[in-house]
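Report on the following structure.
The values are calculated or read from the model by the stated rules, or taken from the named source; none is laboratory data. Keep in mind the model is a prediction, meaning the values are calculated, not measured. Cβ placement follows ideal geometry from the backbone for every residue including glycine, while neighbour counts extend to all protein chains displayed. Remember, those area values only see protein heavy atoms, side chains included, never the ligands or the DNA or RNA. Shrake-Rupley method; radii C 1.70, N 1.55, O 1.52, S 1.80 Å.
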Amino acid sequence: MLNYYFWINKGFMRKLRLIIIQSISLIVLIGFTACTKEDTMESDQQTIQDPDPDPVAQSDEDTEPIVDCTNVGTNSTRDTDIPNPRNIGDIDDRSCYANYKESSILGKFWGIYNITDGSNHIDAPNTLQPRIERSLSRSQATGAGSYARFRGILRILEVGDTGSFDTSGSYFMQAKGKHTGGGGSPDPAICLYRAHPVYGDDGNGNQVQVSFDIYREQINFRGGSGSAGRTVVFLKNVAKNEEVQIELEVGFRQDPNNPSQTIHYADAKIGGEEFNWNIPEPERGTESGIRYGAYRVRGGRAQMRWANTSYTKDEVN
């Protein structure tokens, strides 16, 4: 009888141990599966949230020797462009140094504008400055509320330098607009935004361009040009290769002091700071326009980069 109960208890204990072992194995398996799934989800989330949009390209600065012209850059017509450019506007390429192209860095596509001293192969020698610019359609109404507005992100890598303030610096943007009564260019500039080089040590004892002072070169009267016709006003400094948010709006608004009159204005935002300016003789203005890119280099080379460009306008008679 005792042997009978002994064998029963022994069988029961064997089954109990088997059940315990199976239960422990199941718990371990579930825990491992959950951890693996959690690790997989975390890995997936990192892949989605932290992509590397461009692991290769890190710089689009031109460090080649400076020359007037290259075979690649010598375009036969001013409207030479790439198919479907990401930068908006009609191109005006008057430089035989380089043609417009684009780069991809850290998730943005940048329009490349490189010009050098003496590289204007389109116009008569020693007349007009080299440029690769884009022109936007103009607002041709003068009623209050008419405007042309451009936005983009700018990086400045290099600007022209002659050693003299009057002839150094390169333009990256300008307000354009014709006027009544004659005087000046048939397609005059109203104000131009110009970058001047600031030098510093590169760590190897060389003086290089490390930042840029931004100026507005504004007319004193309609059609004004040269030192007598324009005034140069300092705006701010930006670092080399810094991504600078840019906005320029040129238009007409009601004069708060005389509701029957309008003010012709060129209001800029550069790196979040506002630089507003009222254009002289607003009653003579007939349109508001904007160009951007790289323009003027009387010594050396200029390199501008533009991304995320957009343009809107309105016309009120």
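Only one of (1) exposed (fewer than 15 other Cβ atoms within 10 Å of the Cβ); (2) more than 24 Å from the chain's Cα centre (by Cα); (3) under 30 Å from Glu281 (Cα atoms); (4) small (Gly, Ala, Ser) is not met by Ala141, so which one is it?
The failed condition is (1).
Residue under question is Asp202, and the condition is that it be farther than 22 Å from Asp92 by Cβ and out of contact with any Lys or Arg (no Cβ under 6 Å at 6 or more places or on another chain); does it hold?
yes
Identify the residue in the range 150-188 that is acidic (Asp, Glu) and part of a loop (DSSP other than H, G, I, E, B) and, among all such residues, is most open to solvent (accessible area, probe 1.4 Å).
Asp166
Name every residue in the range 189-222 that is without any contact (Cβ under 8 Å) to a residue 24 or more places away in the chain and either within 20 Å of Ala175 (Cα to Cα) or assigned to a strand (DSSP E or B) (or both), in order of residue number.
Tyr199, Gly200, Asp201, Gln207, Val208
Among strands (runs of 3 or more DSSP E) lying entirely in the range 223-317, which contain 3 or more residues that are polar (S, T, N, Q)?
Ranges flagged: 258-270, 301-314.
May I ask you to list the residues in the range 65-119 that are within 16 Å of Glu158 (Cβ to Cβ), free of Cβ contacts under 8 Å to residues at least 40 places away in the same chain and surrounded by fewer than 16 Cβ atoms within 10 Å (Cβ to Cβ)?
Pro65
Any residue in the range 126-149 that's on the phi > 0 side of the Ramachandran plot: show its pairings with residues that are not small (Gly, Ala, Ser) at Cβ separation under 6 Å, as long as the two are six or more apart or on different chains.
From the range 126-149, the pairs are Gly145/Val316.
Would you check if there is a residue in the range 237-245 being open to solvent by 30 Å² or more (accessible area, probe 1.4 Å) and free of Cβ contacts under 8 Å to residues at least 40 places away in the same chain?
Yes: the range 237-245 contains one or more residues that are open to solvent by 30 Å² or more (accessible area, probe 1.4 Å) and free of Cβ contacts under 8 Å to residues at least 40 places away in the same chain.
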